[in-house]
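Heads up: the structure comes next, in structure tokens.
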Amino acid sequence: MVAIVPTSMFVLFSATTVRCVEAGLGSPDNSLIIKLLYYATVSMTNKGRKAGRTVPRALSGVELASIFEEMMQQLTLLGHTLPKSAVSLTPQQLKILFTLDFFGEPTPMSKLSRRLGVTPGTMTKTAAGLVCMGYLEKRRSTDDERVVKISLSDEGQRIVSQIKQYRQDFFGEILENLTLSGRKKLIQSHRHILEAYRHILRDKARV
């Protein structure tokens, strides 16, 4: 039985899975591939620290950005897109849908725009398009009529569920090409990345 990767980790898988898979598909050397991936994603933070040396911030940033871009490109070549029912959605629209799914309750548009790093005007325009498509519901807060809250409609919940299932199936097929040990190492490496990003976000929140 294939281990299915939690959907919440999709973004991290997008960033780090592909180089391993591209090299590992049909290859008898999957264990070596996984070790190389693990080094690239986990050990990079320790690179250059021996003998008191530190990797320059700009250099390590360039390296990480380069790996990310290449792997995203390779992921597309591997066949990952969206289910046909969602191909018309833009990246910004998808961010709104999945962020609202994460919140799980009607959310003020001002809070959502801050979370996604866009202007209120951009949020209003993008959300209006999703309302017209039937994916969002918009209502004013009962506590303050000046506050507009949006949430997923039944149709919005359905399309998010379809995308999640599609992604789970996609990554499940990728994992089928790896040994059990390889799957475990791959998931562990991504959990490490997930925790690293969570740690950074917690630190920023304290500032």
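The values are calculated or read from the model by the stated rules, or taken from the named source; none is laboratory data. Values in this document were obtained by computation on a predicted structure and should not be read as measured data. Note that we place each Cβ from the backbone using ideal geometry, even for glycine, and neighbour counts take in every protein chain shown.
The residue list Leu186, Leu201 contains one member that is in contact with a Cys (Cβ under 8 Å, 6 or more places away or on another chain), modelled with pLDDT under 90, closer than 23 Å to Ile67 by Cβ and not assigned by TED's automatic domain parsing to the domain that holds Phe98, which is Leu186.
Taken as a whole, the structure places Leu82 among residues that are at pLDDT below 90, in contact with a Leu (Cβ under 8 Å, 6 or more places away or on another chain) and not in a helix (DSSP H, G or I). Take Thr76 and decide whether it is within 21 Å of Ile163 (Cα to Cα) and either in a loop (DSSP other than H, G, I, E, B) or of a type in the set (S, T, N, Q) (or both). It is true that Thr76 is within 21 Å of Ile163 (Cα to Cα) and either in a loop (DSSP other than H, G, I, E, B) or of a type in the set (S, T, N, Q) (or both). Close Cβ contacts (under 9 Å, 6 or more residues apart or on different chains) running from residues in region 132-146 that are among the small types (Gly, Ala, Ser) to residues that are surrounded by 10 or more Cβ atoms within 10 Å (Cβ to Cβ) and assigned to a strand (DSSP E or B) comprise Ser141/Pro108; Ser141/Val148; Ser141/Lys149.
The condition (being at pLDDT 90 or above, of a type in the set (Asp, Glu) and within 30 Å of Glu173 (Cα to Cα)) is satisfied by just one residue among Asp29, Asp101: Asp101. Scanning region 121-147 for residues that are under 15 Å from Ala86 (Cα atoms) and not hydrophobic (A, V, I, L, M, F, W, C) returns Gly129, Gly134, Tyr135. Among the residues of region 103-121, those that are in contact (Cβ under 8 Å) with a residue 12 or more places away in the chain and either buried (at least 17 other Cβ atoms within 10 Å of the Cβ) or touching a helix residue (DSSP H, G or I) at 6+ places or on another chain (Cβ under 8 Å) (or both) comprise Thr107, Met109, Ser110, Leu112, Arg115, Leu116, Val118.
Of the helices (runs of 4 or more DSSP H) contained entirely in region 85-204, those carrying at least 2 residues that are among the hydrophobic types (A, V, I, L, M, F, W, C) and under 20 Å from the mean Cα position of the chain (by Cα) fall at 91-103, 109-116, 154-176. Got at least one residue in region 140-151 being modelled with pLDDT of 90 or more, of a type outside the set (Gly, Ala, Ser) and either within 24 Å of Arg114 (Cα to Cα) or touching an Asp or Glu at 6+ places or on another chain (Cβ under 7 Å) (or both)? Yes - at least one qualifying residue is present in region 140-151. Taken as a whole, the structure places Thr126 among residues that are touching a residue at least 24 places away in the same chain (Cβ under 8 Å) and surrounded by 14 or more Cβ atoms within 10 Å (Cβ to Cβ).
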